[in-house]
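**Student:** One structure follows; several queries about it will come next.
Coordinate-derived values only; no laboratory data. Since this is a predicted model, take the numbers as computed values, not measurements. Reconstructed Cβ throughout: ideal geometry from the backbone, glycine too, with neighbour counts over all protein chains shown.
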Number of protein chains: 2
Amino acid sequence: LDAGETDQVYDLVERLHPADVADLFELLGADERPMLAAAITDLMGSEVFAELNDHVRELLVESLPAGEVADIAEQLDTDDAVAMLEDLDHEDQQAVLAHLEPEDRAAIETALSYPEESAGRLMSRDFVAVPGHMTVGDLIDYLREDRDLANEFWEVFIVDARYHPIGTCALSWILRCPRGIALTDVMKRDQNLIPVDLDQEEVALRFQKYALISAAVVDPDGRLVGQITVDDVVHIIQEEAGEDVLLLSGAGDGDINEPIRESYASRVRWLIANLLTALVGATIISHFGGAIEKLVALAALSPMVASIGGNAGTQTMAVAVRALATNQLTRANTGRILWRELRVAMLNGVTVAALIGIATALFFANPLLGAVIATAVMVNIMTAGLAGVVVPVLFDRFDQDPAVASSVFVTMITDSMGFFAFLGLAVASGLV
Amino acid sequence: LDAGETDQVYDLVERLHPADVADLFELLGADERPMLAAAITDLMGSEVFAELNDHVRELLVESLPAGEVADIAEQLDTDDAVAMLEDLDHEDQQAVLAHLEPEDRAAIETALSYPEESAGRLMSRDFVAVPGHMTVGDLIDYLREDRDLANEFWEVFIVDARYHPIGTCALSWILRCPRGIALTDVMKRDQNLIPVDLDQEEVALRFQKYALISAAVVDPDGRLVGQITVDDVVHIIQEEAGEDVLLLSGAGDGDINEPIRESYASRVRWLIANLLTALVGATIISHFGGAIEKLVALAALSPMVASIGGNAGTQTMAVAVRALATNQLTRANTGRILWRELRVAMLNGVTVAALIGIATALFFANPLLGAVIATAVMVNIMTAGLAGVVVPVLFDRFDQDPAVASSVFVTMITDSMGFFAFLGLAVASGLV
């Protein structure tokens with residue numbers, strides 16, 4: 001396809017939705033993307049840029065002159081323009097900003113002044129806010145007259161003289177009321193105001209919990225400065241919920257479009273951390289070198305004890321991390337959840353310990369070895385249940401993301417406990 | 001608080017949003033929930049039930065007489081009523097259905113006839129559909145007159161004589177047009193029609209990709225039968241994205257409100273599977289019993305080689321599983337992504353192998369042991385990179401959820417390869 005026949009490519013791409021064009025870019029290799037961009041220049045509208053994966057967009061944007069980037073940024077909503085520019089290095093960013101109309105530049109600069117991943121970066125400045133003295137009819141006339149409004153909006157915000165939001169009105173309510181009714185009689189007074197510096201994860205949780213379509217963003221003085229609509233939040237919900245599996249596994253950002261060097265940098269850190277924690281296990285094993293020389297079966301069985309504990313710990317940890325991320329696990333119920341997980345661990349422990357104990361006793365014709373491994377597995381699964389809740393909860397208490405480093409600690413605890421309990425019990429019981 | 005003073009509890013709860021009341025139930029222990037329900041009976045509106053966690057709701061619903069459940073179901077939207085009833089066993093479900101008004105019963109029975117987790121279960125039957133010959137003014141008059149319409153809607157569907165949707169109109173466009181304009185001139189013809197049997201995960205991906213607020217659901221004949229709005233999809237996006245971490249870790253449903261017996265049943269299966277795969281590793285180790293007796297350091301070091309491979313495999317697997325779930329990894333780019341992951345694995349392998357090789361050579365004053373462990377780690381990290389992509393992709397090709405069982409296979413592969421490469425090389429190199 002990309003072997004020169006640009007006209008055909010153009011014809012094929014022309015029929016696609018911008019989101020599909022963006023997908024097409026992501027499917028291509030890094031070297032083919034500029035070729036596609038060149039073949040379909042006039043289809044590369046701002047919508048396509050808004051839909052592109054961050055990494056792919058960054059590469060494409062960097063290959064364009066600042067003037068062209070500025071042209072695209074001007075067609076985008078503020079939030080999409082900010083997303084496009086925030087990843088550029090400072091110099092390129094300034095070059096693009098210099099090409100923008102003063103008004104757009106001011107809007108983007110203000111947005112960039114809010115912390116990354118905050119409501120301020122996410123919000124759009126295109127919203128409809130009207131004073132409370134308007135009637136339904138006034139509002140409809142105002143909307144019909146003013147050509148400079150946002151194209152799509154779902155709710156209208158009612159503000160007082162100081163531009164503080166006092167109510168929200170869904171468009172369906174407005175359409176269903178006679179013209180004479182005052183907006184203050186239609187609007188919902190109970191509002192969900194988003195502070196401009198609220199973290200995007202919190203924003204997403206609020207949208208989800210209260211089933212919001214749009215919400216007013218207010219500055220520290222309570223003045224309406226923007227709105228966030230649910231379509232901007234949907235991909236954050238997806239990212240935040242999906243990133244736990246990547247973080248827990250130590251895969252960092254985990255984006256298949258990420259440059260290889262970045263993937264390497266984020267992953268090798270955790271492999272080295274894993275190396276160091278595995279060293280703890282290795283040290284414990286080498287302390288029992290004498291016991292292993294006497295009974296080599298210990299060397300074959302001890303990784304099993306560690307592995308089962310690690311698996312049980314990962315299960316509990318995954319549950320705890322998700323419960324923390326969705327605000328289901330809080331200070332109020334930590335004790336109850338810990339007790340719940342310990343009871344599950346007890347059931348799991350008894351089952352697995354019985355299986356491995358009986359199998360070992362029979363296979364090695366050594367009942368004591370069976371009893372030792374069963375006890376060690378039981379102890380390690382209980383330890384895993386405890387550590388799987390306590391480690392993420394502690395990270396959360398100290399305001400660290402529990403998904404980031406819990407895994408390393410839980411695995412270290414279950415590995416060490418597995419080797420120590422099994423080999424220690426083997427010696428203490430007089431087995432070797 | 002719950003120690004008898006029900007009036008005070010009532011006063012406190014009265015001020016809360018239904019979603020917060022639902023949260024309150026989830027925070028309480030299973031035995032305290034009926035007490036709270038009794039204290040605030042008349043605040044237990046249908047909204048609270050709609051917001052409750054599935055497990056918590058199931059327990060509460062089961063404790064209520066069928067007549068009361070039916071009263072609550074009648075106040076709910078069809079989709080929420082279906083969610084409440086679909087988990088009941090057949091007998092209880094029939095008892096509740098018998099108490100419903102014929103019209104509601106028919107709607108719920110039709111919804112229950114669609115497969116679980118399909119668009120048909122998710123959709124609401126309350127939507128606004130009008131014929132194409134209407135003007136903006138006709139529509140506004142119709143909306144003002146008909147009191148029986150949905151309370152909140154964001155888009156109006158335009159249908160032809162056979163009730164096939166021909167266009168969609170955002171309410172903001174209607175509000176901004178003069179009354180005389182025909183709806184067919186305002187509506188967007190390019191539609192995203194959802195087949196009634198589409199899986200909810202696909203529905204969620206479409207909403208996300210095309211930033212939809214609502215979408216028309218059509219039956220196999222193309223007739224409009226319902227609508228899905230984004231607020232119903234948001235929690236599915238969150239669940240589907242968040243469940244990967246739970247599935248990959250073998251924690252099943254992973255809900256902290258799940259009954260203990262169900263958690264036990266779903267988790268112990270994976271622990272037993274892990275037991276069997278760990279057995280493969282143990283078998284390999286015991287084949288090298290002679291080598292370990294000669295050099296006990298092998299017993300201490302071999303779990304490290306397995307563990308680092310397991311960790312690298314989990315990283316790649318998490319990336320692959322998320323990329324598959326979000327449709328970023330498809331047939332078209334599997335080869336490229338595999339090659340990408342192998343290059344990352346090569347970089348990781350060289351770094352970690354060098355570290356562990358040099359440290360081992362120095363610590364044991366044995367350069368050959370260092371070379372053996374470095375080679376084994378390199379081989380195992382490359383194997384992990386390969387297995388981490390290939391295993392989930394194969395599950396996906398055979399229409400299995402890659403998150404469910406990939407973990408067991410990848411760990412088995414990296415464990416076995418770790419032990420085999422390290423101990424095998426130790427023997428082959430003449431180290432022991």
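**Student:** Quick one: 3J(HN,Hα) in Hz for segment A:273-289, Karplus 6.51/-1.76/1.60 with θ = phi - 60°, rounded, Gly and Pro as x.
**Tutor:** Working through the residues one at a time gives 4, 5, 4, 5, 6, 5, 4, 4, x, 4, 4, 4, 4, 5, 5, 9, x Hz.
**Student:** Let me ask something else. Ranked from highest to lowest mean number of other Cβ atoms within 10 Å per residue, what is the order of the peptides A:245-251, A:260-266?
**Tutor:** Ranking the peptides A:245-251, A:260-266 by packing returns A:245-251, A:260-266.
**Student:** So how much slack lies between A:M35 and A:R336, counting 0.36 nm per residue of separation and subtracting their Cα-Cα distance, in nm?
**Tutor:** 102.5 nm
**Student:** Run the dipole for the protein assembly as shown about the Cα centre, Lys and Arg Cβ at +1, Asp and Glu Cβ at -1, nothing else charged, and hand back the magnitude in debye, nearest 20.
**Tutor:** 4460
**Student:** Could you check the simple spin-label distance between A:D92 and A:R223, using points 7 Å along Cα→Cβ, in nm with one decimal?
**Tutor:** So the two model labels end up 3.4 nm from each other.
**Student:** Round to the nearest 0.05 the FRET efficiency obtained for A:L295 and A:L394 when R0 = 45 Å and r is the Cβ-Cβ distance.
**Tutor:** Taking R0 as 45 Å, the efficiency between A:L295 and A:L394 is 0.75.
**Student:** With every atom except the alpha carbons ignored, what do you get for Rg and Dmax of segment B:182-265, in angstroms?
**Tutor:** When restricted to Cα atoms, segment B:182-265 yields Rg and Dmax of 17.3, 60 Å.
**Student:** Follow-up. So how many Lys-Lys pairs in the protein assembly as shown land under 28 Å Cα to Cα, not counting same-chain pairs under 8 apart?
**Tutor:** For the protein assembly as shown, the number of qualifying lysine pairs is 4.
**Student:** Compute the helix-to-body angle for B:367-397: its Cα long axis versus the longest principal axis of chain B, expressed 0 to 90° and rounded to tens.
**Tutor:** Once rounded, one gets 30 degrees.
**Student:** Give me a single rounded figure for A:305-314: the average over its residues of other chain Cβ atoms within 10 Å of their Cβ.
**Tutor:** Mean shielding by partner chains, rounded to a whole number: 6.
**Student:** Follow-up. Taking the Cα centre of segment B:259-428 as origin, sum charge times position over the Cβ atoms of Lys and Arg (+1) and Asp and Glu (-1), and report the length of that vector in debye to the nearest 20.
**Tutor:** 240
**Student:** Between B:Y142 and B:E109, what's the calculated FRET efficiency when r is the beta-carbon distance and R0 is 35 Å? Round to 0.05.
**Tutor:** For B:Y142 and B:E109, the calculated efficiency is 0.75.
**Student:** Only bridges with both residues in the protein assembly as shown count here: give the DSSP antiparallel percent, nearest 5.
**Tutor:** On the way: 28 of 38 bridges.
Counting only bridges with both partners in the protein assembly as shown, antiparallel ones make up about 75 percent.
**Student:** Counting DSSP beta bridges with both partners in segment A:129-230, what percentage is antiparallel, nearest 5?
**Tutor:** Roughly 70 percent of the beta bridges in segment A:129-230 run antiparallel, per DSSP.
**Student:** Translational diffusion coefficient of chain B at 25 °C, 0.890 mPa s, Stokes-Einstein with Kirkwood Rh over Cα pairs, in µm²/s as a whole number. Show your work: numbers first, answer last.
**Tutor:** Details: Rh = 26.2 Å.
The Stokes-Einstein estimate is 94 µm²/s.
**Student:** Under 4 °C and 1.567 mPa s, how fast does the protein assembly as shown diffuse according to Stokes-Einstein, given a Kirkwood radius computed over C-alpha pairs? Answer in µm²/s, whole number.
**Tutor:** The Stokes-Einstein estimate is 43 µm²/s.
**Student:** From the alpha carbon gyration tensor of segment A:129-230, can you work out the equivalent ellipsoid semi-axes (sqrt of 5 times each eigenvalue) and give them in Å, largest to smallest?
**Tutor:** Rounded to whole Å, the semi-axes are 24, 14, 13.
**Student:** Kindly provide the Kirkwood hydrodynamic radius of segment A:7-109 in Å, to one decimal, from all pairs of distinct alpha carbon atoms.
**Tutor:** 13.9
**Student:** Quick check for me: using +1 on Lys/Arg Cβ and -1 on Asp/Glu Cβ, what's the dipole size of chain A about its Cα centre, in debye to the nearest 20?
**Tutor:** Using only the charged Cβ atoms, the result is roughly 3880 debye.
**Student:** Please state the relative contact order of chain B as a whole percent: Cα pairs under 8 Å, 6+ residues apart?
**Tutor:** Answer for chain B is 11 percent.
**Student:** Still on this structure, I have one more. Segment B:83-121 to segment B:316-395: how many Å between their Cα centroids?
**Tutor:** 49
**Student:** Ok, one more. Please compute the Cα-Cα pair-distance distribution of segment B:259-428 with 10 Å bins starting at 0, giving whole percents from short to long.
**Tutor:** Answer for segment B:259-428: a P(r) of 11, 34, 31, 18, 6, 0 percent.
**Student:** Rounded to whole Hz and in sequence order, give me ³J(HN,Hα) for segment B:69-84 from the Karplus expression 6.51 cos²θ - 1.76 cosθ + 1.60, θ = phi - 60°, writing x for Gly and Pro.
**Tutor:** Values per residue, Gly and Pro as x: 4, 4, 4, 5, 4, 5, 7, 7, 5, 3, 5, 5, 5, 5, 4, 6 Hz.
**Student:** Hey, if you put +1 on the Cβ of every Lys and Arg and -1 on every Asp and Glu Cβ in the protein assembly as shown, which of A:I237, B:A170, B:L355 ends up farthest toward the positive end of that dipole?
**Tutor:** Of A:I237, B:A170, B:L355, it is B:L355.
**Student:** Determine the shielding of peptide B:288-298 by partner chains: average, over its residues, the number of Cβ atoms on other chains within 10 angstrom of each Cβ. Provide the component values of the computation, followed by the final result.
**Tutor:** Numbers: counts 3, 4, 1, 1, 6, 5, 1, 0, 10, 4, 2.
Across B:288-298, the average partner-chain Cβ count within 10 Å equals 3.
**Student:** Whole-Hz ³J(HN,Hα) for each residue in segment B:293-309, computed from phi via Karplus 6.51 cos²θ - 1.76 cosθ + 1.60 with θ = phi - 60°, x for glycine and proline: what do you get?
**Tutor:** Computed from phi, the couplings for segment B:293-309 are 4, 6, 9, 5, 3, 4, 5, 6, 8, 4, x, 5, 4, 5, 5, 5, x Hz.
**Student:** Using only Cα atoms, tell me the angle between helix B:334-363 and the longest principal axis of chain B; keep it within 0 to 90° and round to the nearest 10.
**Tutor:** The helix B:334-363 is inclined about 40 degrees to chain B.
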